[in-house]
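Trainee: Pasting in a structure now, in structure tokens, and then I'll have a few things to ask.
The values are calculated or read from the model by the stated rules, or taken from the named source; none is laboratory data. This is a predicted model, so every value here is computed, not measured. All Cβ positions, even for glycine, are placed from backbone atoms using ideal geometry, and neighbour counts span all protein chains on display. Heavy atoms of the whole protein, side chains included, go into the accessibility calculation; ligands, DNA and RNA do not. Shrake-Rupley method; radii C 1.70, N 1.55, O 1.52, S 1.80 Å.
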Amino acid sequence: MEASYDPEQNPPLHAPLLDRSSPRTRRFAAIFACLVSLLLLLALIINQAQQPFEKVQPRGVAEGPLYHKGWYHLFYQYNPYSAIWGNITWGHAVSRDLIHWLYLPLAMVPDHWYDIKGVWTGSATILPDGQIIMLYTGETNESVQVQNLAYPANLSDPLLLHWLKYSGNPVMLPPPGVKPDDFRDPTTAWLGPDGTWRLTMGSKFDTTIGISLVYHTINFRDYELLDGVLHAVPGTGMWECVDFYPVAINGSVALDTSSLGPGIKHVLKASLDNTKVDHYAIGTYDPITDKWTPDNPEEDVGIGLKVDYGRYYASKTFFDQHKQRRVLWGWINETDTETADLKKGWASLQTIPRTVLYDNKTGTNLLQWPVEEVESLRLNSTMFKEVLVEPGSVVPLDIGTTTQLDILAEFEIEPLIPSTTNEIDDCGDGAVDRSTYGPFGLLVIADASLSELTPIYFRPLNASDGSLKTYFCTDETRSSKASDVFKQVYGGKVPVLDDENYNMRVLVDHSIVESFAQGGRTVISSRIYPTEAIYRAARLFLFNNATGVNVKATLKLWELNSAFIRPFPFESDSV
């Protein structure tokens with residue numbers, strides 16, 4: 001049996017590695033994704049038995065993807081007793097491919113004074129010798145947020161079934177000036193040039209200034225809070241589920257969390273507790289001062305780019321050392337009522353995991369894309385080439401079942417009349433809001449009469465300088481006839497370069513739609529609740545509600561299989 005990290009019985013185990021004077025070594029880091037809430041059984045359309053493919057993700061908010069001995073691990077916040085908030089424990093699931101998941105027994109439960117009110121967000125750091133260090137936020141018996149240390153009981157176990165909590169917990173307490181409930185969500189640690197590990201976590205100052213604290217450690221038992229902060233943005237409020245990682249500016253490779261040097265920028269992401277929106281910015285990290293500076297202060301964390309412009313929160317990445325990629329997880333919560341959640345027996349789910357790269361064409365964006373393994377679910381495919389969609393028209397696409405699809409679509413526009421410059425900005429009031437060049441795109445999860453539909457569309461607008469600025473949008477306002485569901489228009493700007501056509505990829509999964517524009521520069525996740533457009537009644541359409549352009553659409557579509565999520569078959573050799 002491999003020795004597991006025990007800070008009490010084996011204190012010298014990592015001393016040479018973590019000594020400030022030791023030489024810098026190569027290492028792999030994996031992340032216990034920071035997220036916040038609820039529970040999920042498999043995501044099905046409301047009160048329906050058919051299992052969608054996307055609910056491959058385990059039952060609750062993701063708490064720590066990592067790769068160990070042939071298995072991807074995902075821990076998640078979970079209420080084992082109800083489909084509504086409370087009793088937060090860590091569930092556990094494993095997968096060979098990030099798509100087909102197997103449920104394992106609970107990993108950690110709230111059973112000590114320092115986490116008795118909840119085992120909250122955590123992160124894992126994989127040390128150069130393969131040891132796994134887990135730091136997580138616990139809520140004490142006095143409702144104070146503290147940081148705790150845990151580690152696997154047996155590293156030789158590929159399933160990591162058992163976890164030990166350090167008897168010296170908590171290892172970090174709220175510092176002076178930080179309220180007891182404003183201190184949470186430690187990140188994966190990264191190794192600095194001085195041989196000291198660093199991590200950051202979210203908080204706020206003076207009620208409105210979102211901040212990211214920085215701690216140093218050489219042994220993961222003792223921590224030093226640095227003066228100042230990694231970064232702060234006034235007016236953004238409490239930061240939670242902070243994420244911090246490097247990206248290569250050549251845009252072709254992902255980087256281990258500790259990577260430093262030329263050709264590297266750093267992404268700082270925060271989940272804003274006030275708005276429940278995930279924001280990120282790209283900038284420069286100074287490992288000597290432990291300060292981060294955004295490339296564009298006008299698009300700083302919390303006031304600029306969003307990780308996802310839809311129903312999406314508490315995201316977190318991890319570096320997948322197996323395939324040398326950075327993988328992003330995010331949480332889609334419900335927009336119906338708690339009564340409905342209790343009736344169907346589950347609430348909320350994970351998105352399909354996404355890879356993340358720096359967009360070296362724009363130099364201002366990240367690119368998110370579904371992991372390649374989702375293509376293993378593809379079944380039969382259908383092609384449509386240069387389908388003409390005239391202004392004000394809807395074109396049905398006859399492909400059979402449309403409730404589980406992977407869609408690649410490209411659009412060319414042919415202007416018919418000059419555009420005006422006094423058109424409504426952004427996504428307007430939805431797909432019904434017409435302008436010269438848009439909206440145009442797809443109608444997914446629609447019934448034959450179009451009484452229910454979810455438009456996913458581009459909306460190019462003529463700027464005052466004569467150029468086009470484009471918005472990518474999803475309109476949920478007619479997605480369901482249900483009256484107890486929150487429905488709105490989501491979207492944001494997407495760069496479309498001069499040599500590019502408009503293109504999107506859309507994953508449709510009964511009640512979840514994930515949409516990626518221009519290679520993933522702008523992404524929108526939607527949680528919808530159709531009542532008519534279900535099963536064989538669901539249809540797919542092209543639409544063009546512009547007043548002054550013809551649109552030619554070329555598409556390739558695949559029907560998708562189920563991921564067949566189930567408990568781990570301990571008595572079987574088939575896995």
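Trainee: Among the residues in the range 295-309, are any within 23 Å of L199 (Cα to Cα) and among the hydroxyl-bearing types (S, T, Y)?
Mentor: No: the range 295-309 contains no residue that is within 23 Å of L199 (Cα to Cα) and among the hydroxyl-bearing types (S, T, Y).
Trainee: Just for the range 127-171: of the residues that are open to solvent by less than 10 Å² (accessible area, probe 1.4 Å) and among the small types (G, A, S), which one is farthest from G195 (Cα to Cα)?
Mentor: G138
Trainee: Same structure again: Considering (1) touching a Lys or Arg at 6+ places or on another chain (Cβ under 9 Å); (2) at pLDDT 95 or above; (3) surrounded by 24 or more Cβ atoms within 10 Å (Cβ to Cβ), say which one I88 fails and leave the rest.
Mentor: Going through (1) touching a Lys or Arg at 6+ places or on another chain (Cβ under 9 Å); (2) at pLDDT 95 or above; (3) surrounded by 24 or more Cβ atoms within 10 Å (Cβ to Cβ) one by one, I88 breaks only (2).
Trainee: From the residues in the range 172-215 that are without any contact (Cβ under 8 Å) to a residue 60 or more places away in the chain, within 27 Å of the chain's Cα centre (by Cα) and over 23 Å from V119 (Cα atoms), which one is least open to solvent (accessible area, probe 1.4 Å)?
Mentor: Among residues in the range 172-215 that are without any contact (Cβ under 8 Å) to a residue 60 or more places away in the chain, within 27 Å of the chain's Cα centre (by Cα) and over 23 Å from V119 (Cα atoms), the one least open to solvent (accessible area, probe 1.4 Å) is I209.
Trainee: Also, I was wondering about something else. Taking the range 97-118 on its own, how many of its residues are in a loop (DSSP other than H, G, I, E, B) and within 19 Å of E373 (Cα to Cα)?
Mentor: 4
Trainee: From the list L98, L74, which residue is in contact with a helix residue (DSSP H, G or I) (Cβ under 7 Å, 6 or more places away or on another chain) and surrounded by 22 or more Cβ atoms within 10 Å (Cβ to Cβ)?
Mentor: It is L98.
Trainee: Being open to solvent by less than 40 Å² (accessible area, probe 1.4 Å) and assigned to a loop (DSSP other than H, G, I, E, B) is the filter; apply it to the range 548-575 and report the residue that is nearest to D398 (Cα to Cα).
Mentor: Once the filter is applied, the top-ranked residue is S562.
Trainee: Does S483 satisfy the criteria of being over 23 Å from the mean Cα position of the chain (by Cα) and modelled with pLDDT under 95?
Mentor: Yes, satisfied.
Trainee: How many residues does the range 461-492 contain that are outside any strand (DSSP E or B) and either in contact with a Gly (Cβ under 6 Å, 6 or more places away or on another chain) or not assigned by the TED database to the domain that holds P530 (or both)?
Mentor: 1
Trainee: Residues in the range 263-276: is at least one closer than 15 Å to P287 by Cα, open to solvent by 10 Å² or more (accessible area, probe 1.4 Å) and either touching a residue at least 40 places away in the same chain (Cβ under 8 Å) or among the polar types (S, T, N, Q) (or both)?
Mentor: yes
Trainee: When you scan the range 343-460 for strands (runs of 3 or more DSSP E) that lie fully inside it, which ones turn up with 2 or more residues that are open to solvent by 20 Å² or more (accessible area, probe 1.4 Å)?
Mentor: In the range 343-460, 354-358, 366-370, 378-389, 393-396, 404-415 are the strands (runs of 3 or more DSSP E) which contain 2 or more residues that are open to solvent by 20 Å² or more (accessible area, probe 1.4 Å).
Trainee: Does Y72 meet the test of being part of a strand (DSSP E or B), modelled with pLDDT under 95 and under 18 Å from the mean Cα position of the chain (by Cα)?
Mentor: Working: part of a strand (DSSP E or B): yes; modelled with pLDDT under 95: no; under 18 Å from the mean Cα position of the chain (by Cα): yes.
Answer is no for this residue.
Trainee: Taking the range 516-541, which residues are crowded, with 21+ Cβ neighbours inside 10 Å and either free of Cβ contacts under 8 Å to residues at least 60 places away in the same chain or out of contact with any strand residue (DSSP E or B) (no Cβ under 7 Å at 6 or more places or on another chain) (or both)?
Mentor: Across the range 516-541, the qualifying residues are A517, Q518, Y529.
Trainee: Taking the criterion of being assigned by the TED database to the domain that holds H112, of a type in the set (G, A, S) and within 27 Å of the chain's Cα centre (by Cα), would at least one residue in the range 152-160 satisfy it? Reasoning before the result, please.
Mentor: Step one: filter the range 152-160 for residues assigned by the TED database to the domain that holds H112, giving 152-160.
Subset that is of a type in the set (G, A, S): 153, 156.
With the extra rule that they be within 27 Å of the chain's Cα centre (by Cα), the set shrinks to none.
No.
Trainee: Among the residues of the range 376-414 satisfying the criterion of being hydroxyl-bearing (S, T, Y) and more than 27 Å from the chain's Cα centre (by Cα), which is nearest to V551 (Cα to Cα)?
Mentor: So, considering only residues that are hydroxyl-bearing (S, T, Y) and more than 27 Å from the chain's Cα centre (by Cα), the one nearest to V551 (Cα to Cα) is S393.
Trainee: Does A340 count as under 11 Å from the mean Cα position of the chain (by Cα) and among the aliphatic types (A, V, I, L, M)?
Mentor: When the stated conditions are applied, A340 does not pass them.
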